[in-house]
Amino acid sequence: MGVKERKERERADVREKILDAARDMFTNDGFDAVTMRAIADRIEYTAPVIYSHFRDKHALIQELCYRDFRALAQAFGRIGRVEDPVERLGRIGIAYVDFALEHPSQYRFMFMTPKPADAKEAVRRAELRGNPEEDAYAFLCNTVAEGIGAGRFRPEYDDAEELAQMLWASSHGIVSLQLAKGQDEWIDWRDARGTSVKLIEAMLRGVMRERS
C-alpha cells in the first residue's frame, strides 16, 4: 500500500470514528447538548480534525441520517423479489426487527431520537424519498399497495399509507421496548425476535381478506 492509499484509509477510519461517537452522543445526550469539541474529546482528537471532515454539527447529523436510513433500505433490498406481497411484508417486518437488534445504536438514532428539521430535509434532498431501492418506507408502502391492488386485504384496509404505518408500528413497538427496557428485570421479557415474528404473523392474519 502506497503513502497516498494509507492516508486515505486513515482518514476514512477517523471519519467512521467521528460518526460512531456522534451517533452515540446524539442518542444519549440529545442534539443540543452535543458540540463538535465534545465529539473530538470523546475520540481523543482535536476539534480541527472534526471540522476537516464536517463543516458543522448539522452536516454531521445529515450524514448520519443519510447513511443509516439508506442502510435500512439496503437491508430490505436483500429480501429479494418475493412475488406474494403478503409474504414479502412478513419478510420486511422480520428484516426491520433484525436491523434494530443487530444495529441498536443506529436504530435508536433513527427512530428514537428527535432530529432537527434540516436533517430530515437533507435526506429528502438526497433523493432517497420515494425511491424503494433507497427509501425503506417507500419499499413498505409499495408492497402494501401491491397487496391492496391484488385484493389480499380486507376492504376496510384500502389506504396503503395507513396500513403501512400500522404494520410498521407493530414491529417498532416490540424492538423499541426491547432497546429501552430490555434490561429492566421487573418484566420477564420474552425473546424480542421470536415475539416480533408472532406479532407480524398475527397482524397480517388480522388484515388479510379470507379466501373463499
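The values are calculated or read from the model by the stated rules, or taken from the named source; none is laboratory data. Since the model is a prediction, treat every value here as computed from it, not as a measurement. In case anyone asks, the SASA skips ligands and DNA or RNA and just uses the protein heavy atoms, side chains included. Shrake-Rupley method; radii C 1.70, N 1.55, O 1.52, S 1.80 Å.
A few comments on the model shown:
- Accessible area (Å², per residue) of the chain, counting only protein heavy atoms and a probe of 1.4 Å: 58
- Taking 0.36 nm per residue of separation and subtracting the Cα-Cα distance, full extension of the segment from ASP159 to ALA47 would add 35.4 nm.
- Once backbone amide H atoms are built at 1.01 Å from N, MET208 has ARG154 as its partners under 5 Å, excluding neighbours fewer than 5 places away on the same chain.
- Of all accessible heavy-atom area on region 74-212, the percent that carbon and sulfur account for (1.4 Å): 50
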